[in-house]
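**Q** Structure provided below as structure tokens; questions to follow.
The values are calculated or read from the model by the stated rules, or taken from the named source; none is laboratory data. If you're wondering where the values come from, they're calculated on a predicted model, not measured in any experiment. Note that each Cβ is placed from the backbone with ideal geometry, even for glycine, and that neighbours are counted across all protein chains shown.
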Amino acid sequence: MCKQLKSLPEVRRARRLSLYLPVNGEIDPTPLLPWLRQRNVDIYLPVLRPFSANRLWFVAYRPDTPMVKNRFGIWEPDVRFSAQRRNRLPTWALDTLIVPLVGFDANANRMGMGEDFMIAA
């Protein structure tokens, strides 16, 4: 998957890209990290918004980013640190999002595992 992603124009031209940390057998996109960093791409991870049900933030991710497990046991940047709050973006500010999915419906709506989340704009 990572080899194919590297060839996509949407990934190659991205300056701000969100990906995910895999759980429960999801395909692992993290082998892309060194390649993205070499290309000076800003990498973001989804974070469950604590004050808004079923919404996501996207927070900058670096090797030294403090991480915590969310309510589903998934690692995400710890937004209790003020630097993390300053390093978050709305969806529209990202160039490309790489998301795990089980499939998608006829309207291209993502079908994943567990609860559905809306990506906050």
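**Q** I'd like the full set of residues that are modelled with pLDDT of 80 or more and either among the aliphatic types (A, V, I, L, M) or more than 20 Å from L45 (Cβ to Cβ) (or both), limited to the range 92-106.
**A** A93, L94, L97, I98, V99, A106 - these are the residues of the range 92-106 that are modelled with pLDDT of 80 or more and either among the aliphatic types (A, V, I, L, M) or more than 20 Å from L45 (Cβ to Cβ) (or both).
**Q** Kindly provide the set of residues from the range 34-52 that are in contact with a Leu (Cβ under 8 Å, 6 or more places away or on another chain) and more than 17 Å from G73 (Cβ to Cβ), ordered by number.
**A** L36, V41, D42, I43, Y44, R49
**Q** Would you pick out the residues in the range 71-82 that are in a loop (DSSP other than H, G, I, E, B), surrounded by 13 or more Cβ atoms within 10 Å (Cβ to Cβ) and touching a strand residue (DSSP E or B) at 6+ places or on another chain (Cβ under 8 Å)?
**A** Those that are in a loop (DSSP other than H, G, I, E, B), surrounded by 13 or more Cβ atoms within 10 Å (Cβ to Cβ) and touching a strand residue (DSSP E or B) at 6+ places or on another chain (Cβ under 8 Å): D78, V79.
**Q** Follow-up. Being out of contact with any helix residue (DSSP H, G or I) (no Cβ under 8 Å at 6 or more places or on another chain) and part of a loop (DSSP other than H, G, I, E, B) is the filter; apply it to the range 59-70 and report the residue that is surrounded by the most Cβ atoms within 10 Å (Cβ to Cβ).
**A** Only one residue tops the list, namely Y61.
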